[in-house]
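The values are calculated or read from the model by the stated rules, or taken from the named source; none is laboratory data. Predicted model, so just to flag it, every value in this text is computed and none were measured. Backbone-built Cβ (ideal geometry, glycine too); neighbour counts: all protein chains shown.
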Amino acid sequence: MSGAQYMAEYDPIHPPDAIEKNLPADKQLGAVDLSTVEKIGVVGKDEEKARLERFSRRPSLSEVLNLHDFEAIARQVMGEKAWAYYSSAADDEITIRENHAAYHRIWFRPRVLRNVTEVDFSTTLLGHKSSMPIYITATALGKLGHPDGELNLTRAAAKNGVIQMIPTLASCSFDELVDNAKPGQVQFLQLYVNKERSITEKFVRHAEERGIKGLFITVDAPQLGRREKDMRQKFEAEEPDEMDKNKSSVDRTQGAARAISSFIDPGLCWDDMKWFKNITKMPLILKGVQCWEDALEAYDHGLAGVVLSNHGGRQLDFARSGIEILVEVVDKLKERRGLSFPNEKFQLFVDGGVRRATDVVKAVALGATAVGIGRPFLYAFSAYGEDGVNKALQILRDEFEMNMRLIGAPTLKDITRDMVDASSIHQHIVAVPDDRLYNVNYEEMVTARLREQ
Ligand code: 173
């Protein structure tokens with residue numbers, strides 16, 4: 001297969017080294033002569049034409065004012081499957097909406113008459129410099145949105161001095177993403193633990209050798225959640241199964257993400273942390289902790305931190321938002337272990353629902369070291385490639401600069417707990433003004449439809 005050729009169905013799911021790595025040498029039969037392959041019609045040729053026409057009408061980047069804009073544009077110009085996969089979330093999608101809404105329950109108590117001529121919002125994550133208290137979090141299947149996939153993020157991260165967390169299930173190969181980093185560019189790795197531990201061990205050792213600076217072990221996905229927007233998309237245009245329901249029901253009803261996630265070990269548990277410490281010196285962080293008890297356990301196991309996260313609302317619906325969990329974790333770890341945050345030795349990260357620098361400022365005030373942002377960058381590169389990600393980061397930078405001045409904080413250390421009122425954070429029903437931009441973008445779920453005649 002020619003390297004330059006982009007295979008829309010194959011490439012997002014299979015990194016370029018998938019065949020050499022996973023297929024025994026004697027089964028690798030060489031390149032396919034594409035002229036011998038029977039062409040099958042691209043699904044919905046007219047639809048694709050219409051999409052490309054919409055794509056050609058994207059607004060210029062100078063017209064994009066905020067991260068919501070990227071989502072609005074991506075929704076109109078992305079392929080339907082890619083949009084459904086990126087935007088979908090678990091069950092009734094209550095948690096994905098709560099992730100953003102939770103930030104509306106936190107209000108500022110700004111200080112005035114502080115010299116904010118110069119503001120500096122640079123920081124360190126696990127001891128590594130970042131121009132802002134954010135990082136590009138791991139999201140799978142980047143090539144669904146753009147042929148360069150996660151490379152868009154690697155390049156933009158370097159240009160903007162932020163850290164990229166490489167996903168286990170990237171469309172680009174792990175080595176490609178590391179090879180394309182600039183000298184000295186820091187990258188973290190998100191890890192799904194394989195039932196076959198020797199595979200994970202090899203991957204982790206390799207990652208450390210390649211200079212990865214932090215291992216974020218995903219702990220909120222022993223099984224993948226139901227993302228019905230994604231699943232329904234795949235069903236459309238297919239005949240219902242009258243024949244062998246048992247045989248076909250497994251794959252069809254689970255969707256592609258579940259099919260490629262069957263390697264994830266649901267048996268992963270606290271005892272495995274010893275094993276991880278034996279195989280790597282990288283700092284270990286649990287990604288997907290959802291209550292103070294587990295954060296405390298992680299601390300007691302000597303881990304380097306936790307990401308308070310519900311996997312972008314894609315796992316357990318009605319899981320609480322990371323920002324809400326942060327409040328209880330900070331309180332309880334202070335009470336039980338005398339810790340104060342932000343803390344160099346045990347760092348708290350949060351992800352989910354972040355669209356504005358004000359969201360990040362709130363998390364920092366409440367004790368987070370940094371905040372992970374995922375979907376907005378996917379939408380940015382789906383619509384504009386690397387330029388989109390650069391623009392998204394620039395927008396965040398501009399928002400930061402302004403908000404630091406308006407809250408009265410020349411540096412991140414000056415953003416203190418008393419600058420926010422989070423007293424309503426645990427109240428799940430409070431009347432706050434709607435975020436109209438967010439709601440315009442939020443695509444309503446649909447119920448089952450009759451098939452076309
Ligand atoms: O959230 C996801 O979609 C995800 O993490 C995943 C897991 C397995 C396969 C593909 C994506």
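Mind listing whichever residues of segment 338-354 are surrounded by fewer than 13 Cβ atoms within 10 Å (Cβ to Cβ) and either of a type in the set (Ser, Thr, Tyr) or in contact with a helix residue (DSSP H, G or I) (Cβ under 8 Å, 6 or more places away or on another chain) (or both)? Correct list: SER340 only. The residue of segment 211-234 that is farthest from the ligand (Cβ to nearest atom), among those that are of a type outside the set (A, V, I, L, M) and in a loop (DSSP other than H, G, I, E, B), is GLY211.
Of the set (1) modelled with pLDDT of 95 or more; (2) of a type in the set (D, E, K, R); (3) part of a loop (DSSP other than H, G, I, E, B), all apply to LYS129 but (3). Within segment 315-372, the set of residues being in contact with a Leu (Cβ under 9 Å, 6 or more places away or on another chain) and on the phi > 0 side of the Ramachandran plot comprises GLY352, GLY367. State which residue is surrounded by the most Cβ atoms within 10 Å (Cβ to Cβ) when the search covers only segment 355-379 and only residues that are part of a helix (DSSP H, G or I) and of a type in the set (Gly, Ala, Ser). The extreme case among them is ALA363.
Taking the options GLU208, GLU201, name whichever one is touching a Lys or Arg at 6+ places or on another chain (Cβ under 8 Å) and away from the ligand (no atom under 16 Å from the Cβ).
Result: GLU208 is the single residue among GLU208, GLU201 that is touching a Lys or Arg at 6+ places or on another chain (Cβ under 8 Å) and away from the ligand (no atom under 16 Å from the Cβ).
Across segment 42-101, the number of residues qualifying as farther than 21 Å from ASP435 by Cα, within 16 Å of the ligand (Cβ to nearest atom) and outside any helix (DSSP H, G or I) comes to 3.
Rundown of residues vs (1) farther than 22 Å from THR124 by Cβ; (2) out of contact with any Ser or Thr (no Cβ under 7 Å at 6 or more places or on another chain), yes/no style:
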| residue | (1), (2) |
| --- | --- |
| ALA304 | no, yes |
| VAL307 | no, yes |
| GLY313 | yes, no |
| ARG320 | yes, yes |
| VAL327 | yes, yes |
| SER340 | no, yes |
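Residue under question is ILE134, and the condition is that it be crowded, with 17+ Cβ neighbours inside 10 Å and within 22 Å of ASP435 (Cβ to Cβ); does it hold? Considered against the rule, which asks whether it is crowded, with 17+ Cβ neighbours inside 10 Å and within 22 Å of ASP435 (Cβ to Cβ), ILE134 comes out as yes. For SER35, the conditions (1) surrounded by 10 or more Cβ atoms within 10 Å (Cβ to Cβ); (2) over 21 Å from the mean Cα position of the chain (by Cα); (3) at pLDDT below 80 all hold with the exception of (1).
The set of residues in segment 106-145 that are under 21 Å from ASN310 (Cβ atoms) and aromatic (Phe, Trp, Tyr) contains only TYR135.
With the structure loaded, tell me whether GLY184 is outside any helix (DSSP H, G or I), on the phi > 0 side of the Ramachandran plot, modelled with pLDDT of 95 or more and more than 20 Å from the chain's Cα centre (by Cα) or whether it fails that test. Taking the combined requirement at face value, the residue satisfies it.
Yes or no, residue by residue, for (1) of a type outside the set (D, E, K, R); (2) buried (at least 16 other Cβ atoms within 10 Å of the Cβ); (3) closer than 26 Å to HIS128 by Cβ; (4) within 16 Å of the ligand (Cβ to nearest atom):
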{"residue": "ARG258", "(1), (2), (3), (4)": "no, yes, no, yes"}
{"residue": "SER262", "(1), (2), (3), (4)": "yes, no, no, yes"}
{"residue": "LYS277", "(1), (2), (3), (4)": "no, no, yes, no"}
{"residue": "THR280", "(1), (2), (3), (4)": "yes, yes, yes, no"}
{"residue": "ALA295", "(1), (2), (3), (4)": "yes, yes, yes, no"}
{"residue": "ARG314", "(1), (2), (3), (4)": "no, yes, no, yes"}
{"residue": "PHE318", "(1), (2), (3), (4)": "yes, no, no, no"}
{"residue": "GLU324", "(1), (2), (3), (4)": "no, yes, no, no"}
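Checking every residue in segment 380-399 against the condition of being in a loop (DSSP other than H, G, I, E, B) and surrounded by fewer than 19 Cβ atoms within 10 Å (Cβ to Cβ) gives zero matches. Here GLY145 meets the list (1) within 14 Å of the ligand (Cβ to nearest atom); (2) in contact (Cβ under 8 Å) with a residue 40 or more places away in the chain; (3) within 20 Å of ASP17 (Cβ to Cβ); (4) not acidic (Asp, Glu) almost entirely, failing just condition (3). May I ask you to verify whether VAL178 is more than 12 Å from the ligand (Cβ to nearest atom), assigned to a helix (DSSP H, G or I), hydrophobic (A, V, I, L, M, F, W, C) and touching a helix residue (DSSP H, G or I) at 6+ places or on another chain (Cβ under 6 Å)? Spelling it out, it is not the case that VAL178 is more than 12 Å from the ligand (Cβ to nearest atom), assigned to a helix (DSSP H, G or I), hydrophobic (A, V, I, L, M, F, W, C) and touching a helix residue (DSSP H, G or I) at 6+ places or on another chain (Cβ under 6 Å). Regarding segment 197-208, can at least one residue be identified that is touching a residue at least 12 places away in the same chain (Cβ under 8 Å), in a loop (DSSP other than H, G, I, E, B) and surrounded by fewer than 22 Cβ atoms within 10 Å (Cβ to Cβ)? There is no residue in segment 197-208 that is touching a residue at least 12 places away in the same chain (Cβ under 8 Å), in a loop (DSSP other than H, G, I, E, B) and surrounded by fewer than 22 Cβ atoms within 10 Å (Cβ to Cβ).
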